[in-house]
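The values are calculated or read from the model by the stated rules, or taken from the named source; none is laboratory data. What you see is a predicted model, and the numbers here were worked out from it, not measured in a lab. Virtual Cβ from ideal backbone geometry, glycine too; neighbours counted across all protein chains shown.
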Amino acid sequence: MKLPPAVAILVFTLIFVCDAYIINVPVSQARKPVWQVPKLAKRLRPSRHHLQPLRKANRQPVQSLFQPNRRTKQGFQLKATGTDVKLTNHYDTVYYAPITIGTPEQEFNVAFDTGSSITWVPSVHSPPDHVDERLYSRYDAQLSRTHSTNYKHFHVSYESGRAAGYRSQDSVTIAGLTIKNQSFGESQMEPDLFRGTGNDGVLGMGLSNINEGEELSVFENMVSQGLVDSPLFSIYLNRYGSGGPDSVLTLGGTDTYYCEEEFIYADLTVPGSWLFELDRVQLSNGDGIFSESGSQAIVDSSTPFIVGPMEEVDVLNTELGGMLVPSYSRQYKFDCSEVDSMPGVEFIVNGEKLSLSSKDYVVKIDDVCYSGILGMKWMETDTPVWFLGLSFMRAYYTQFDLGNQRMGFAKAYTFPNEVSL
Ligand SMILES: *[C@@H]1O[C@H](CO)[C@@H](O)[C@H](O)[C@H]1NC(C)=O
């Protein structure tokens, strides 16, 4: 079988990334499969044919499309607490929002990364061939009277390029909340992965590993400076072009408006990280158990799909009827006509099921149905981690609860005007 060149590139990217991982650092520092498939952004662009019904749906005022009193019927609270940050969805691969840094304020778009505590934006002191000022906003410390520098370096690698430079401190404002003395990176390079997305940098919503002497991350500072009502945040991610409500990050609160069911909770494994324990992974039809007790998982907004330990993912994809894509080992595809009847994949957490349907875990590109569950190699000495990425987050409204040291998951509500692509 000969793949169209564009698909071949995508598939290659997937394999290369996942196959190349051999991780020999502790879980807390493990390189994660961040933003590994920028090529997918283009491929997920819906065709014009798909866009037409969506445009019609979008013309209606969003509010009128919701079922009235849904939440009261189910006993949910009506009024959300917390501060909402609207996220822009770039083709289901990057979700970003505007922030400002400095006094007076300099504006940036940043992708929210729940899998890392590192925040960075491009620096004005970048070689022009590293950061194109026509494409990206660049931070100029000299224009800010609240800026201070600490001369430490920072470095973060992505699958498509890296960000590196030095650390600074300044006021960071998100949705009107101003965090003082926030440490962040001024990057002198821009990873390719954000090219053409409208995004400039990254806001690390992870927790700092205090034992390793990291500075407090953005959310920890928000809590310590008393900017949020409760020490938690929650994320609703929509499906690109679905006509549903905007994606939203709620700082200091939870909006059950986006929830279909009650929350399931999982305690954090260690302080300073959003990792939690995964009992096992199984199929909804009762076939095979693929991951035994002892795995860790993290909800990671910089991983587009689901990434798990290689051997388990191989078994799981095979059990689902996946076929290896010729000449690209480890990449599985399905017969598209089978997809609707394929079983769900269940992540068992604290004895409860978090379930993804085939619509959630299959990625359809040019009429080929790929598995969006990818394998990654781990050293035998390490505890494997499952990265539950954006495809998981679209299916589950997720609460990151620092105060109670736990994660909360509620099946995301399917809004009546959501159109399946
Ligand atoms: C921020 O840093 C300045 C200068 O070091 C200090 O005076 C101020 O108290 C700090 N503010 C907070 C909220 O940490």
Seminar exercise, completed: Taking the range 180-189 and keeping only residues that are more than 16 Å from the ligand (Cβ to nearest atom) and either crowded, with 24+ Cβ neighbours inside 10 Å or among the small types (Gly, Ala, Ser) (or both), one is left with GLY185, GLU186, SER187
Seminar exercise, completed: Only one of (1) over 20 Å from GLU220 (Cβ atoms); (2) at pLDDT 85 or above; (3) touching a Lys or Arg at 6+ places or on another chain (Cβ under 7 Å) does not apply to LEU78, and that is (2)
Exercise. List pairs: first in the range 177-188 and within 22 Å of ASP229 (Cβ to Cβ), second within 10 Å of the ligand (Cβ to nearest atom) and part of a strand (DSSP E or B), Cβ under 6 Å, 6+ apart or cross-chain?
Worked result: THR178/SER171; LYS180/SER171; ASN181/GLN169
For this session: State which residue is farthest from the ligand (Cβ to nearest atom) when the search covers only the range 128-179 and only residues that are surrounded by 13 or more Cβ atoms within 10 Å (Cβ to Cβ) and charged (D, E, K, R).
Result: GLU159
Problem set entry | One residue from THR414, THR398 being of a type outside the set (A, V, I, L, M) and surrounded by fewer than 21 Cβ atoms within 10 Å (Cβ to Cβ) | THR414
Seminar exercise, completed: Flagged in the range 87-125 as of a type in the set (D, E, K, R), under 15 Å from THR173 (Cβ atoms) and not in a loop (DSSP other than H, G, I, E, B), in numbering order, are GLU107
Problem set entry | Residue check, PHE194 within 16 Å of the ligand (Cβ to nearest atom) and surrounded by 15 or more Cβ atoms within 10 Å (Cβ to Cβ) | no
Problem set entry | So GLU346, is it farther than 30 Å from GLN399 by Cβ and either out of contact with any Cys (no Cβ under 7 Å at 6 or more places or on another chain) or surrounded by 15 or more Cβ atoms within 10 Å (Cβ to Cβ) (or both) | no
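One line per residue, one yes/no per condition, for (1) farther than 21 Å from GLY244 by Cα; (2) assigned to a strand (DSSP E or B); (3) touching a strand residue (DSSP E or B) at 6+ places or on another chain (Cβ under 6 Å):
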position: LEU354; (1), (2), (3): yes, yes, yes
position: ASP360; (1), (2), (3): no, no, no
position: LEU374; (1), (2), (3): yes, yes, yes
position: LYS377; (1), (2), (3): yes, yes, yes
position: THR381; (1), (2), (3): yes, no, no
position: ARG394; (1), (2), (3): no, no, no
position: TYR397; (1), (2), (3): no, yes, yes
position: PHE400; (1), (2), (3): yes, yes, yes
position: THR414; (1), (2), (3): no, no, no
For this session: Please indicate, with yes or no, whether at least one residue in the range 210-226 is buried (at least 23 other Cβ atoms within 10 Å of the Cβ), among the small types (Gly, Ala, Ser) and in contact (Cβ under 8 Å) with a residue 40 or more places away in the chain.
Result: yes
